[in-house]
Amino acid sequence: MIRILIVDDQSMIRVGIRAILDSQDDMTVVGEAENGRAGVDRCRSLRPDVVLMDVRMPVLDGLAATRAILGPERTEGHSPRVLMLTTFDIDDYIYEALRIGASGFLLKDSEPDELMRAVRVVAGGEALLAPSITRRLIENFVDAQPKRTAGSTALNALTDREREVLRLVALGMSNAEIAASLFIAEQTTKTHVSRILQKLGLRDRVQAVVFGYENGLVTPGG
């Protein structure tokens, strides 16, 4: 059973999302919060598996709340997945949220099936990278971030094959697509991705995409 916390300042949004998710046999909404501060508190007390986090809220916005939930002050032994919710398809808040550990984002006007799939994807430990909007968002906002070079110490820890796999991950390719591109087994690709995340200290594929852009493995629009 996937335990879900909904954090949004609009009660109608919370009610609608709750009705959709509670209708599923493998999901249960354990709580709601009307702002980021309440969301952080309820996340710590309820310990959900997935937090649906609105970006813009009073008292504490979604970015600050995500940082509190996933950052150094997070509850020991509890590491929920955070899925950002937004009404905008391009939002600099979301890019920063991805950098600090959010597992992806979803537009509030997405279809119910998309919402349910998104929850299952992030609950399963994957990053929600499929929407083309995610790629556009990263390409638009990575330019504003300080750049490191591809010869950074962290990258030097990777083998040549791992670098190539990371580059393809950063391009938004799935494990199956990477395997086909490099003529290797999909399980081998999964192993490479796991080792890359471990070596670089990254949480998931979203952070791997950001890392690839910031370290020059791929360039916006390239």
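The values are calculated or read from the model by the stated rules, or taken from the named source; none is laboratory data. All figures in this text were calculated on a predicted structure; none of them were measured in a lab. FYI the Cβ positions are ideal-geometry reconstructions off the backbone, even for glycines, and counts take in every protein chain you see. The accessibility values were calculated without ligands, DNA or RNA, using every heavy atom of the protein model including side chains. Shrake-Rupley method; radii C 1.70, N 1.55, O 1.52, S 1.80 Å.
The accessible surface of the stretch 152-222, taken with every protein chain in place and a 1.4 Å probe, is 51 percent carbon and sulfur.
Taking GluC sites (Glu not before Pro) across the stretch 1-89, the ones in a DSSP loop with at most 14 further Cβ atoms lying within 10 angstrom of their Cβ are E73, E76.
Where does each of 14-22, 200-208 land if you order them by average Cβ count within 10 Å, highest first? Mind dumping the intermediate values first?
Working: 14-22: 16.2, 200-208: 19.6.
The densest-packed peptide leads the list: 200-208, 14-22.
Each other residue within a Cβ distance under 14 Å of V121 adds +1 if Lys or Arg and -1 if Asp or Glu, for a net charge of -2.
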